[in-house]
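Take a look at the structure set out below.
None of the figures in this text is laboratory data; all of them are computed from the coordinates on show. No experiment lies behind these values; they were computed from the predicted model shown. All Cβ positions, even for glycine, are placed from backbone atoms using ideal geometry, and neighbour counts span all protein chains on display.
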Amino acid sequence: MKIKLKNSKQFTNNTVYMMFETEKMIDVKLGQFVNISIPGDEFTLRRPFSIVSAGKNKFSVLIKVIGNGTQKITNMKIGESIDALIPLGQPFDKTIDYKKTLFIAGGIGIAGILRFIENQNAQFLFGDINGEYKDIMDYLKIEPTYINESGKTGKKGFVTDYINDFEFNTIIACGPKGMLKSIKEKTDKHIDFYAICEEIIACGLGLCGGCAIKYDDGSFGKVCVDGPVLNGRRINYD
Ligand SMILES: Cc1cc2nc3c(=O)[nH]c(=O)nc-3n(C[C@H](O)[C@H](O)[C@H](O)COP(=O)(O)OP(=O)(O)OC[C@H]3O[C@@H](n4cnc5c(N)ncnc54)[C@H](O)[C@@H]3O)c2cc1C
Ligand code: FES
């Protein structure tokens, strides 16, 4: 369907918050994502993004510019329209006990977590390199336990150094593969661990196998239709 850009705000670390209006009503469940066409390049693959908030005819995304697609999408002007597939992916339908759940994000992985913690008193552990997400946190009025590799605006180190400061029986995390792997290794196997996976997506519809993710038992899952929220303890991150 067509989506129209209503609002856009650029942050210092080349990350852009974009709010779109949809031409048709949408019903976006927790954990689902959107696949957006590239302006001027509509015959190439769409690009997938987590939905950070959604209403009946609007939704927003937080996009980190890393290549041609994200550059062209974030360059869109207010009022410009583009094609998108929304919603995609398997809804996360487990009941969340917020007192017993630890949310962890690294860098732009924050986009995958935002909708889970919206209006909740959630335990949220966030890590970046040098405090480059501070202005985004302030804009979104989020106060995570903030960790930086440099220690510039938060506690120094990696998020995984601080996991044991919290009480939880479930982890929901989004971020680089190395972070997800480290969470798997550093936590007890009885802790439920859900990983929000950001593999490269092609069709987004379960047809091409382009988003396959390997499990420890040698089987494969498809991020676009089985995920993007998958059992993080089963995934082979190597
Ligand atoms: C379900 C899902 C949700 C996502 N949510 C967000 C989000 O909310 N915000 C956000 O900024 N990004 C998100 N991503 C990642 C985003 O889709 C990619 O950054 C984007 O597709 C890159 O497009 P590009 O044309 O700019 O980069 P390209 O020019 O295609 O690639 C640039 C470089 O980045 C690598 N790359 C491309 N896609 C990915 C990827 N998915 N993961 C890791 N490396 C990649 C390429 O191999 C290449 O080295 C998500 C991905 C998935 C699968
Ligand atoms: S992207 Fe085609 S099967 Fe998942």
If one compares the long axis through the Cα atoms of helix 177-186 with the longest principal axis of the Cα atoms of the chain, the angle in degrees, nearest 10, works out at 30
Determine the shape class of region 139-238: with a ≥ b ≥ c the square roots of the Cα gyration tensor eigenvalues, call it rounded for a/c under 1.5, and otherwise prolate if a/b is greater than b/c, oblate otherwise.
-> prolate
Per DSSP, the loop-located chymotrypsin sites (Phe, Trp or Tyr not before Pro) within region 29-68 having at most 13 other beta carbons within 10 Å are Phe43
Quick one: which residues, 5 or more positions from Arg233 or on another chain, have an amide H under 5 Å from its amide H? H modelled 1.01 Å from N in the peptide plane, none for Pro or chain starts.
-> Phe193
With N set to the residue count of region 2-88, report its C-alpha Rg divided by 2.2 N^0.38 Å to two decimal places.
-> 0.98
Ile51's amide H: which non-local residues (gap 5+, or another chain) put their own amide H closer than 5 Å, with H modeled 1.01 Å from N in plane and none for Pro or chain starts?
-> Val34
In whole Hz, with x marking every Gly and Pro, tabulate ³J(HN,Hα) for region 221-236 from phi via Karplus 6.51 cos²θ - 1.76 cosθ + 1.60, θ = phi - 60°.
-> x, 10, 4, 6, 10, 7, x, x, 8, 10, 5, x, 6, 8, 6, 8
Can you list the equivalent-ellipsoid semi-axes of the chain, largest first and in whole Å, using the square root of 5 times each Cα gyration tensor eigenvalue?
-> 28, 21, 16
